[in-house]
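Laboratory data are not the source of any read-out in this text; all were calculated from the coordinates shown. None of the values given here were measured: they were computed from a predicted structure. Here the Cβ positions follow ideal geometry from the backbone for every residue, glycine too, while neighbour counts run over all protein chains shown.
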Amino acid sequence: MTIDGYTRTCGLIGNPVEHTLSPFIHNTLAEKLSHNLVYVPFHVEEGQVLPAISGAYALNLFGLNVTVPYKSQVMDGLIQIDELAEKIGAVNTLVRMEGGFKGYNTDMPGLYRAMSSEGIQIEGQEIILLGAGGAARAVAFLCASKNASKVYLLNRSLEKAEAVAGEVNEKTGKEVIYPMALSDYHRLPNQKFLAIQATSVGLYPDVDNAVIEDEAFYRKIHTGYDLIYKPSDTRFMQLVRQQGGKAFHGLKMLLYQGIIAYELWNDLSVPEEMALEVYKVLKEKMGI
Ligand code: NAP
């Protein structure tokens, strides 16, 4: 690509950002769509998030993604927050407006688009959700808002599971999330579930671990969706497959959260074939 006086800039703020795959998503899209823009990662030190947002606005950046640990903190520096992001309590995409940035959450619709593209349905399903961190909270909102029939939310610390379940049930007006301690997994009903793995256990370099090791647990899973994409074949996925279930990693979620951000920034729809071409680039970068 050629950078000239007309090149528009967007990027990612977080800490760390050095291993991000997001530039490959956005710069590939820009190339395919012949957009004169560039996406750059910005490493922002703790305590510098609000100055970073003001600086980005002053420098005429048209959009930013936000990653850990700033998805909540960033909300204090915005002039407007989309209703969905407000409910989830996390913003991962900033869109430039007159006078400042508006915050969105594209992680949750990204996961939904990723699951739909694999033929995985949430509506009417009984779901096991592992974890109660930032990602799991967004998944719990997704499941409740897409009318899952029941979600068993299992977390190592029960208080966090209870807090997330209480908040999601209240904000969606549904009694659909049931909090449980992770160690109580044997109390889950004897049936087959869609299981969504949203803990950080198994994330590179901790590749030999799964949050639950017991085979009996995996016999209850018909489909396992791990939000982790590095490695692309997690121990959780292997355990699901060993008991006859289908298993997916989170790279498509990453893809679609990026595609949706790009759509918001540029006010367009990325055709599905193009999204899949970008996915090919991501898989090549991951060596899969
Ligand atoms: P987080 O807020 O730090 O939450 C971590 C979760 O993992 C908590 O529920 C925590 O339980 C649990 N956990 C950590 N160590 C554990 C252990 N040894 N045993 C049992 N539970 C443990 O992290 P997050 O932001 O939600 O991210 C979670 C995962 O999702 C990460 O692996 C991240 O890479 C992935 N993710 C993927 C995408 C994507 O685009 N594919 C997007 C976002 C996140 P406690 O509450 O008990 O500590």
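Restricting attention to segment 97-123, the residues being over 16 Å from the mean Cα position of the chain (by Cα), farther than 15 Å from THR223 by Cα and not hydrophobic (A, V, I, L, M, F, W, C) number 4. Of the strands (runs of 3 or more DSSP E) lying entirely inside segment 121-189, those carrying at least 3 residues that are hydrophobic (A, V, I, L, M, F, W, C) and closer than 23 Å to PHE248 by Cβ are 126-130, 150-155. For segment 115-134, enumerate the residues that are of a type in the set (Gly, Ala, Ser) and either away from the ligand (no atom under 16 Å from the Cβ) or buried (at least 24 other Cβ atoms within 10 Å of the Cβ) (or both). Once the filter is applied, which keeps residues that are of a type in the set (Gly, Ala, Ser) and either away from the ligand (no atom under 16 Å from the Cβ) or buried (at least 24 other Cβ atoms within 10 Å of the Cβ) (or both), segment 115-134 yields GLY119, GLY124, GLY131, ALA132.
Residue check: ARG241 meets all listed conditions (1) outside any loop (DSSP other than H, G, I, E, B); (2) within 15 Å of ILE128 (Cβ to Cβ); (3) not hydrophobic (A, V, I, L, M, F, W, C) but one, namely (2). If only residues of segment 148-162 that are in contact (Cβ under 8 Å) with a residue 12 or more places away in the chain and farther than 21 Å from LYS220 by Cα are counted, the one that is farthest from the ligand (Cβ to nearest atom) is GLU162.
Out of all the residues in segment 178-200, is one or more of a type outside the set (Ser, Thr, Tyr), crowded, with 18+ Cβ neighbours inside 10 Å and over 24 Å from PHE236 (Cα atoms)? No: zero hits.
Annotation: THR223 fulfils all but one of (1) within 16 Å of the chain's Cα centre (by Cα); (2) polar (S, T, N, Q); (3) surrounded by 21 or more Cβ atoms within 10 Å (Cβ to Cβ); the unmet one is (1). Between VAL207, VAL270, the distinction of being outside any helix (DSSP H, G or I), more than 21 Å from GLY133 (Cα to Cα) and out of contact with any strand residue (DSSP E or B) (no Cβ under 8 Å at 6 or more places or on another chain) belongs to VAL270 only.
Residue-wise test of (1) within 13 Å of the ligand (Cβ to nearest atom); (2) under 30 Å from LEU61 (Cβ atoms); (3) not acidic (Asp, Glu).
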| residue | (1), (2), (3) |
| --- | --- |
| ASN209 | yes, no, yes |
| ASP214 | no, no, no |
| ARG235 | yes, no, yes |
| ARG241 | no, no, yes |
| LEU255 | yes, yes, yes |
| GLU263 | no, yes, no |
| ASN266 | no, yes, yes |
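Only one entry of LYS230, LYS246 meets the criterion of being of a type outside the set (A, V, I, L, M, F, W, C), surrounded by 14 or more Cβ atoms within 10 Å (Cβ to Cβ) and near the ligand (Cβ under 10 Å from one of its atoms), and that entry is LYS230.
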